[in-house]
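S.K.: Have a look at this one.
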Amino acid sequence: MSNSSLQTKPPMLELRNLSVSFDRQRQLAVDRVNLSIQEGLTLGLVGSSGAGKSSIARAIMRLHDADSGKILFRGEDILRMDPREMKAVRQRIQLVFQDPLASLSPRRSVGQTLLEPLQHFALGDTLSRQEKIRHTLHTVGLDHDVLRRYPHQFSAGQQQRIAIARALVTDPDLLIADEAVASLDVSIQAQILELILDLQKDLGIALLFISHDLAVIRQIADEVAIMYRGQLLEQSSADAFFSGPAHPYSRALLTFASSAEPPRLPDGNWNLEQARSAMEVNASCVFAHKCAEKMPVCEQLEPRSHRIQYRDERAMEPHCVKCHLYDEATGNEN
């Protein structure tokens with residue numbers, strides 16, 4: 001497929017100016033984010049704890065209310081859907097959580113766990129449901145003899161395979177994996193990542209893979225989006241990002257990922273991320289307080305999102321970065 005044909009194809013999922021707050025003081029977990037996910041591709045959404053990644057996942061699933069903006073799934077705004085319409089969307093978009101044991105009911109066997117979504121969405125009859133369950137278990141590398149067993153009887157890696165099977169049993173178009181390997185040992189992480197890659201290739205599903213770990217994102221993502229304090233700072237193809245990240249925060253993340261020590265930042269505090277209140281919006285760059293490359297304008301004015309280069313031929317949009325360093329290099333605005 002040519003690049004021009006890809007550019008005319010609408011995204012499967014698109015966030016437009018999405019904002020989400022999580023308390024009465026309107027602390028912004030997600031601050032005017034624009035993001036898109038293409039058919040059959042993996043978008044790696046990266047940021048440390050508190051960046052707003054999981055809030056985006058919960059907003060997509062309507063598990064948390066959005067303050068403003070749009071979430072378009074195949075062109076239809078999820079935020080305007082009634083319960084019946086949203087139920088149909090939840091069949092097509094499934095979520096895998098970080099802690100597999102906490103996400104699985106201890107009172108349900110594996111068979112009951114996989115049967116529940118088929119019943120909830122009224123998919124198939126009794127015989128076809130049993131066949132679908134067995135096929136899905138085989139797809140994630142589990143035998144049918146696990147059907148009568150309960151979650152606590154499995155290892156963490158097997159529990160996550162069960163959670164993935166539960167998500168896949170409805171034949172979704174988009175799978176959201178929220179830190180899905182973060183709680184696993186490194187060797188098990190590698191197995192689950194390989195499974196997810198194989199599943200995506202075989203099933204052709206799109207994947208929103210949320211992680212704080214760039215080493216994991218490098219293995220799995222076609223595109224990378226970087227979040228910090230609720231804002232999207234950079235988005236590009238994975239190849240472009242890992243060969244030359246544009247935002248100072250992105251460069252610091254890569255330095256951290258390849259070093260035993262965290263990068264040097266002006267306030268000496270690398271991990272702390274605090275959500276911004278609505279009053280802080282538009283006041284400055286969200287990273288100015290830690291940026292080693294900051295200029296006076298960074299503390300006076302929020303930067304625009306600039307297009308700085310084109311991504312690879314499979315991508316929809318150019319490499320975008322929200323940073324004043326590119327104000328003079330390009331007059332383009334995303």
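The values are calculated or read from the model by the stated rules, or taken from the named source; none is laboratory data. Quick caveat, the model's predicted, so the values are computed rather than measured. Cβ placement follows ideal geometry from the backbone for every residue including glycine, while neighbour counts extend to all protein chains displayed.
S.K.: Regarding LEU79, is this residue within 20 Å of ALA163 (Cα to Cα) and of a type outside the set (Lys, Arg)?
M.R.: Considered against the rule, which asks whether it is within 20 Å of ALA163 (Cα to Cα) and of a type outside the set (Lys, Arg), LEU79 comes out as no.
S.K.: Continuing with this model, one more query. Looking only at region 217-249, which residues are surrounded by fewer than 24 Cβ atoms within 10 Å (Cβ to Cβ), touching a helix residue (DSSP H, G or I) at 6+ places or on another chain (Cβ under 7 Å) and of a type outside the set (A, V, I, L, M)?
M.R.: ARG218, GLN219, ASP222, PHE242, PRO245
S.K.: Looking at region 119-159, which of its residues are of a type in the set (Gly, Ala, Ser), part of a helix (DSSP H, G or I) and farther than 26 Å from LYS87 by Cα?
M.R.: ALA156, GLY157
S.K.: Output yes when any residue across region 140-156 is aromatic (Phe, Trp, Tyr), at pLDDT below 95 and buried (at least 16 other Cβ atoms within 10 Å of the Cβ), and no when none is.
M.R.: No, region 140-156 contains no residue that is aromatic (Phe, Trp, Tyr), at pLDDT below 95 and buried (at least 16 other Cβ atoms within 10 Å of the Cβ).
S.K.: Considering only residues that are in a strand (DSSP E or B) and either in contact with a Lys or Arg (Cβ under 8 Å, 6 or more places away or on another chain) or at pLDDT below 95 (or both), which ones fall in region 72-87?
M.R.: LEU72, PHE73, ASP77, listed by residue number.
S.K.: Here's something else I'd like to know. Quick check: is even one residue across region 103-118 touching a residue at least 12 places away in the same chain (Cβ under 8 Å), of a type in the set (S, T, N, Q) and surrounded by fewer than 16 Cβ atoms within 10 Å (Cβ to Cβ)?
M.R.: Yes, some residue in region 103-118 is touching a residue at least 12 places away in the same chain (Cβ under 8 Å), of a type in the set (S, T, N, Q) and surrounded by fewer than 16 Cβ atoms within 10 Å (Cβ to Cβ).
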